[in-house]
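A.B. asks: Mind having a look at this structure? Questions to follow.
Just so it is clear, none of the values below were taken in a lab; they were calculated from the coordinates. Just so it is clear, the structure is predicted and the values come from calculations on it, not from any experiment. Every residue, glycine as well, gets a Cβ built from its backbone with ideal geometry; the counts of neighbours run over all protein chains shown.
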Amino acid sequence: MSASQPPSERRAGDRAPIELKVEYKRLNTFFADYTRNISRGGTFITTERPLPVGTEFMFALGIPKLDDALRLRGKVMWITSVEDATQANPAGMGIEFQFDSDDERREKVRVVEHLLVDELGEHIAERLLGRKPEGE
């Protein structure tokens, strides 16, 4: 997967259109940007300050129905710079979720899948996932 491929060819799974606040820290500076889509494997963070490809970092997704933010570890897989951005492909970075164990992966995927169901409805979430959401 090259960083110059169109976004539609870079992602491994369909993404759901959702807007969530994303907070992360880089070199003692906190950033608050937004994700407008999410899948069980990753997300795209809209930002004019993308981190370099290959960067692993912790971030928090603010989910309205959860008391605490969902904390995830991600790896920057590709970026769209401000110079290359268009209205259809805004500046930002494609993030692949990273997990320390299968148990952690299952837990976080379950939360993301429930988010999809809550925001989009079970039918659309099932179509995006290609199966019933975990734990349903």
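A.B. asks: Determine, from the Cβ-Cβ distance of residue 58 and residue 81 and an R0 of 25 Å, the FRET efficiency 1/(1 + (r/R0)^6), rounded to the nearest 0.05. Before the final figure, lay out the partial values.
C.D. replies: On the way: r = 23 Å, r/R0 = 0.93.
For residue 58 and residue 81, the calculated efficiency is 0.60.
A.B. asks: Now a separate question. Take residue 48 and residue 26, extend 7 Å from each Cα along the Cα→Cβ direction, and tell me the distance between the two endpoints in nm.
C.D. replies: 1.4
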